[in-house]
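Comments concern the structure below.
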Amino acid sequence: MPWIKILHIVALVCWCGTLLYLPAMIAQSARATPDAPAYAIDAPFMPRFLYNSVATPAALVAIISGTLLFLLNNIASGWLVLKLLAVAVMIAAHGTCALLLVRLEKGHQKGVRPVALVTSMIAGVSMLVVVGLVLAKPEL
């Protein structure tokens, strides 16, 4: 069972890292101006690669291994519900990154940068909430 916890922590670190870095990459990709050369406006390769090859698999492994942890350890308490709500916010931020990538790929750059900034702030706060709840495990 310790290997499931290690897998969960490693996957979570990878997911959280990409969830903080990805909005910055998306915002940078949205900086291209309309009069920029065609290669600068094309669909952003690196953010899409990071999303598909690192962030999404890490999120899936983190969620599946976390679910296994609380099912195998019979954990059912109030702090877990709050933690799962914070994880749901992280999942929403992950989905928002996908929507921003699709928007960039379609050539719609307007409004992408502010949404990416808000997404990274919300993801960061939800990560802090998750870590705080896991470390404190308050009796609720």
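The values are calculated or read from the model by the stated rules, or taken from the named source; none is laboratory data. Predicted model only: the values in this text are computed from it and were never measured. A quick note on method: Cβ atoms are made from the backbone with ideal geometry, for glycine too, and the neighbour counts reach across all protein chains shown.
Side notes on the structure shown:
- Given (1) more than 15 Å from G17 (Cα to Cα); (2) in a helix (DSSP H, G or I), index of the condition E139 fails: (2)
- Looking only at residues of region 109-140 that are out of contact with any Cys (no Cβ under 8 Å at 6 or more places or on another chain) and among the polar types (S, T, N, Q), we find that the one that is modelled with the lowest pLDDT is Q109.
- Listed by position, the helices (runs of 4 or more DSSP H) contained in region 1-108 that have at least 2 residues being at pLDDT 90 or above are 2-29, 45-50, 56-72, 78-105.
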